[in-house]
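Scroll down for the structure; my scribbles are underneath it.
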Amino acid sequence: MSAIPLTAQGAQRLQVELHRLKTVERPDVINAIAEARAQGDLSENAEYDAARERQGFIEGRIAELEGTLSNAQIIEPATLEADGRIVFGATVEIEDLESGNTVTYQIVGDVEADIRANKISISSPVARALIGKTEGDVVEVKAPAGIREYEILSINYV
């Protein structure tokens, strides 16, 4: 498996989730299975089936997180020699030249992308258009609604 790029913050969030799954969620579901078993006939026991399904989800997520973290390439944006260019982990403020709206995005790995937190995947069309550019550059992004133009207002490496 190839390296999975993650910011240090993203890796820490995944480690916290993994710890919670192993120390809280897994023991809770084991107890729920034991309680459901104590009720008798497992063939018609909805609580048992639900607990087993939840256990499968938790174990799958634990395996997924462990795999991601074991293949993670942790990148600290503040330590990169970017020479003012947009790189992985950079936080970028851009302005839509048509509407005048500004938005700030951090470019992160696929695993930690979350548009609600203004974190966009390095493989997204916007991030691909921004990589390597500098402040003041205008980039064109092919979006479903057509080509959009954005001006890069600022770049931060946090």
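Things worth noting here:
- Using a probe of 1.4 Å on the protein chains alone, the accessible area found for ASP49 is around 80 Å².
- Cα gyration tensor, the range 83-125 - rounded (a/c under 1.5), prolate or oblate: oblate
- Peptides 39-47, 13-21 ordered by average Cβ neighbours within 10 Å, highest first: 13-21, 39-47
- Computed over the range 4-75, the alpha-carbon pair-distance distribution with 10 angstrom bins reads 20, 38, 23, 14, 5, 0, each value a whole percent.
- Neighbourhood net charge (13 Å Cβ-Cβ; Lys/Arg +1, Asp/Glu -1) for GLY89: -1
- Rounded to the nearest 20, the size of the Cβ-charge dipole of the range 24-95 about its Cα centre is 200 debye, with Lys and Arg at +1 and Asp and Glu at -1.
- Gain upon complete extension [VAL24, ARG37; 0.36 nm per residue less C-alpha separation]: 2.6 nm
- Cβ-derived FRET efficiency at R0 25 Å, GLU81 paired with SER2, nearest 0.05: 0.60
- Extension gain from THR104 to GLU53, taking 0.36 nm per residue of separation minus the Cα-Cα distance: 14.4 nm
- P(r) histogram, all alpha-carbon pairs of the chain included - 5 Å bins from 0, percent: 1, 9, 14, 15, 13, 10, 9, 8, 7, 5, 4, 3, 2, 0
- Cα gyration tensor shape for the range 77-157, rounded if a/c is under 1.5, else prolate or oblate: oblate
- Comparing PRO27, PRO144, PRO125 in a Gaussian network model of the chain where C-alpha atoms under 10 Å apart are linked, the largest mean-square fluctuation is found at PRO144.
- Residue-by-residue Karplus 3J(HN,Hα) for the range 85-97, coefficients 6.51, -1.76, 1.60, Hz, glycine and proline x: 9, 7, 10, 3, x, 5, 9, 10, 9, 10, 10, 6, 5
The values are calculated or read from the model by the stated rules, or taken from the named source; none is laboratory data. The structure displayed is predicted, hence computed values, not measured ones. Backbone-built Cβ (ideal geometry, glycine too); neighbour counts: all protein chains shown. Just so you know, the surface numbers come from the protein's heavy atoms only, side chains and all, with ligands and any DNA or RNA stripped out. Shrake-Rupley method; radii C 1.70, N 1.55, O 1.52, S 1.80 Å.
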